[in-house]
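Below is one structure; the comments refer to it alone.
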Amino acid sequence: MFVLAHLSDLHFASPPRLSNLAGKRGLGFINWQRKRKFIHRPDVLDAITHDVKAQAPDHIAVTGDLVNLSLRAEYALAQRWLQALGDPKKVTVIPGNHDAYVRSAERLPAAFWADYMRGDDGLEGFPFIRRRGNIALIALSTGVPTGPFMATGRLGEKQLASFAAALEQTRGNFRTVLIHHPPESPPRRFLRRLTDAPGFRGVLAEKGAELVLHGHDHRRLVSWLQGPDGKKIAAIGVPSASARVRHGAEDPAGYHLFHIDRAGEAWRCEMIARERSVDGTIREFGRQTIS
Ligand SMILES: [Fe+2]
């Protein structure tokens, strides 16, 4: 049995310099000072990290928004956290919209986290593929700089075409797709959606996948996407790993474990959700059979 842990949306923050606060970062900083800094707490992330490590998963996927305003100091904090979390061979990272918050930061995720964002072929760029036993992780990037008040993501034509090829190439494995933005968003999340989500779902409907893991919404979400031949593909969103409390529709901190096993011709996959309770302890929240 292979155990895959999934966590997301850490939002490491560091005090910005005044000169960093022009444009979108300034608005983001106001939001952080007024609201977000009371939600995303380092001690909460520490407790979650400790619990993940105690479960000794075979691999850990981190699906974006490791940082908050794309400041160099934030990437360095996240890099230190990754180094303590595990060997780059056992930890896979993809960026989210906060990791490419402004155009000047576009290359910073690769500058700090490249070892965690590289395929088995050693190359950088998205998508990349990592095979661990009969599990194939297919890592996508939707992190693109956007205007103020927007948190959209985009894959682009080129990445979508390579994604289709990657799914083909890894057929027969338990294909696990890592993407920051959810593959479907309700109308109220229009300014936070994946703009080419129909294209993404179209590739899945044609090529199939065994599991899709995402973050971004900071809540536990299980949805079923159309696969080929009438099959359904589970797309699972995870809460933020650093959220101290429930906040509107957002869940308190948690993460997921996937127990993946071959069962004859089919796959067996069980999801175990773990969550931080009000007393600060991390406990099992529930289990669900995915396949
Ligand atoms: Fe996000």
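Here the Karplus relation 6.51 cos²θ - 1.76 cosθ + 1.60, evaluated at θ = phi - 60°, turns the backbone of region 230-245 into coupling constants of x, 6, 10, 10, 6, 10, 10, x, 10, x, 5, 7, 10, 6, 5, 9 Hz, with x for every Gly and Pro.
The order of K37, K207, going from fewest to most other C-beta atoms within 10 Å of their C-beta, is K37, K207. Counting only Cα atoms, the size of region 176-291 along its three principal axes is 46, 40, 17 Å, in decreasing order.
Given charges of +1 on the Cβ of Lys and Arg and -1 on the Cβ of Asp and Glu, with all other atoms neutral, how large is the dipole of region 1-129 about its Cα centre, in debye to the nearest 20? Present the calculation step by step, with values, prior to reporting the outcome.
Values: 16 positive and 14 negative charges, 157 e Å.
About 760 debye.
Distances between placed amide hydrogens fall under 5 Å for R132 paired with L137, all partners being 5 or more residues away or on another chain.
Considering only R219, R131, R244, the mean-square fluctuation computed in a Gaussian network model of the chain, springs between alpha carbons under 10 angstrom, is largest for R131. Considering only G153, G172, G23, the mean-square fluctuation computed in a Gaussian network model of the chain, springs between alpha carbons under 10 angstrom, is largest for G23.
Cross-link partners of K158 among lysines, defined as those whose alpha carbon lies under 18 angstrom from its own and excluding same-chain residues fewer than eight positions apart: K207.
Explain nothing, just the number: relative contact order of the chain, from Cα pairs under 8 Å at least 6 residues apart, as a whole percent.
Values: 663 pairs, mean separation 57.9, N = 291.
Averaging sequence separation for qualifying contacts and normalising by length gives 20 percent for the chain.
Counting every pair of alpha carbons in the chain, the share spaced more than 33 Å apart comes to 15 percent.
Eigen-decomposition of the gyration tensor built on the alpha-carbon atoms of region 124-219 gives equivalent ellipsoid semi-axes of 24, 13, 12 angstrom, largest listed first.
I need the peptides 90-97, 112-119 ranked by packing, meaning the mean over residues of other C-beta atoms within 10 angstrom, with the highest value on top. Can you show the working numbers first?
Working: 90-97: 24.4, 112-119: 19.6.
Result, highest mean Cβ count within 10 Å first: 90-97, 112-119.
Along the axis of the charge dipole computed for region 111-216 (Cβ charges of +1 for Lys and Arg, -1 for Asp and Glu, origin at the Cα centre), the listed residues S185, N173, A136 are led at the positive end by S185.
Let me spell out the model: positive unit charges on the Cβ of Lys and Arg, negative unit charges on the Cβ of Asp and Glu, origin at the Cα centre of the chain. What dipole size does that give, in debye rounded to 20?
Details: 41 positive and 30 negative charges, 161 e Å.
Here the chain has a charge dipole of around 780 debye.
Averaging Cα coordinates gives a centre for region 233-285 and one for region 89-118; these two points are 23 Å apart.
In Å³ and rounded to a whole number, note down the convex hull volume per residue for the Cα atoms of region 209-267. Before the final figure, lay out each step's value.
Values: hull volume 4.7 nm³, N = 59.
About 80 Å³ per residue, rounded to a whole number.
Remark on L194: its backbone amide H falls under 5 Å from those of G153, a criterion applied only to residues 5 or more positions apart or on other chains, H modelled at 1.01 Å from N.
Quick note: the coordinates plus some simple rules give every number you see, no bench work behind them. Just so it is clear, the model here is predicted, and its values are computed rather than measured. Virtual Cβ from ideal backbone geometry, glycine too; neighbours counted across all protein chains shown.
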